[in-house]
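What follows is one structure encoded as structure tokens, with my remarks underneath.
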Amino acid sequence: MLGLIKLYTVPRYRRMMKGIAKDAKKRGLSTSDYMRTLGSSDLARYLIPPIKPMDVERFGLPPDAKLTKKPLLTKPARDAKIAHAAGDWQPGADLLAGIGQDWDRRSSIVSLLGEVAADDDTALKSWRAARPDDADAAAVHADALTNVAWQIRSARGAKYVSAEQFAGFQRVLTEADEASQTAAELAPDDPTPWATRCMIAMGRQYGREEFRAVWNGVLARDPLHVHGHARALQYWCDKWFGTNDLMWTFAEEGAAKHPKLAWLPLAAAFEASFSGVKDAWRDKRVEAALDRLLPWLDGEGRDAPDTPNSRAYAARALVELRRGPEAVEQFRHLGRSASGRVWSYSGYGAIHEFRTHRNQACRLAK
């Protein structure tokens, strides 16, 4: 516990102790006895900084109480997810069959069903038993195993991951790799299993040339694949196997291909900022990317499957650039969903991060 407290300033420590004392009193315990029941994650909850109240509804935004970390899905996607969680694979199979070669939308549904199957694979097992050579089921299986592997590892830094976790992580990643290769064989034109392999390759610590071979598999099938670019960008980050320069190069090359990939430099700025690079959001490449991305989001890309995530990056970038009215407009589109990747890195939780920047946008827009 003392190691955790040392990470924080005295005022925040006092606020934490005040909150703990209050909750201890409610439970009829002394502060010290109550603290013995708390783990590190419980203590961190008391350290969440307060957010200055803001009347966001005046700007046409939903109140804080309605915010959610869940993505706001279309009805077909929502129905498929609910059915899959209940053990019924048919709606998900029908949805994927109807999508055809809309690769971005297909990848988003595979990821959605893969997340469900990672927690409960009842529906997936039934699906694979009924249709053992179904390429869609195989793609979901590979994605689910990849999710399971990363759940075992956790999102924590490598030094906080136990040897047992690493062993389990690698074991399941090996299974996921085999599953992704099977999925790729069953659907030779589909970039989805190759995008999944990008995550597997990162976890298995592929060298740069090995990774490029996997990445070329994505490009050969869809040079504009959104999920593939998102996963590959992580590999080229300094925190994994790249550098800031390699990450920016990858991001700029992707953004130059199509406006739907113009969020990549925004993601690069976010990653650079997160790793401690000062003024990363002030990089001229950020404004250039926004110039391409914003018109696309309001036009052709309005209903694209990854548009909410792109809007989240745009909202964050616009706040950092102090372009308040434009940032508020992006938050209007985002509504009550704080599901974007840009909010997920915060130790305080996605909703806190979303609220913080949404409030800042409103203040700038006054």
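The values are calculated or read from the model by the stated rules, or taken from the named source; none is laboratory data. Just so it is clear, the model here is predicted, and its values are computed rather than measured. Note that each Cβ is placed from the backbone with ideal geometry, even for glycine, and that neighbours are counted across all protein chains shown. For the accessible areas, the whole protein counts, side chains as well, though only heavy atoms, and no ligand, DNA or RNA atoms are used. Shrake-Rupley method; radii C 1.70, N 1.55, O 1.52, S 1.80 Å.
Structure above, values below:
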item	result
Any hit, the range 329-341, residues being touching a residue at least 12 places away in the same chain (Cβ under 8 Å), more than 19 Å from R363 (Cα to Cα) and in a helix (DSSP H, G or I)	yes
Conditions (1) open to solvent by 60 Å² or more (accessible area, probe 1.4 Å); (2) over 25 Å from I51 (Cβ atoms); (3) in contact with a Gly (Cβ under 7 Å, 6 or more places away or on another chain); number of the one not met by R332	(2)
Helices (runs of 4 or more DSSP H) (entirely within the range 102-187) containing at least 2 residues that are open to solvent by 70 Å² or more (accessible area, probe 1.4 Å)	103-119, 122-130, 163-186
Residue satisfying condition, being among the basic types (K, R), closer than 20 Å to V226 by Cβ and at pLDDT 95 or above, within set R128, R105	R105
Checking G276 against (1) over 23 Å from R323 (Cβ atoms); (2) crowded, with 17+ Cβ neighbours inside 10 Å, the condition it does not meet	(2)
Top-ranked residue in the range 56-84 [being free of Cβ contacts under 8 Å to residues at least 40 places away in the same chain and small (G, A, S); ranked as most open to solvent (accessible area, probe 1.4 Å)]	A65
The range 85-95: number of residues that are assigned to a loop (DSSP other than H, G, I, E, B) and either open to solvent by 50 Å² or more (accessible area, probe 1.4 Å) or touching a Phe, Trp or Tyr at 6+ places or on another chain (Cβ under 7 Å) (or both)	3
Test: residue in the range 302-312 that is of a type in the set (G, A, S) and in a loop (DSSP other than H, G, I, E, B)	yes
Selection within the range 335-366 - touching a Leu at 6+ places or on another chain (Cβ under 6 Å) and open to solvent by 20 Å² or more (accessible area, probe 1.4 Å)	R336, I351
Qualifying residue in the range 321-336 (condition: closer than 26 Å to W240 by Cα and modelled with pLDDT of 95 or more)	no
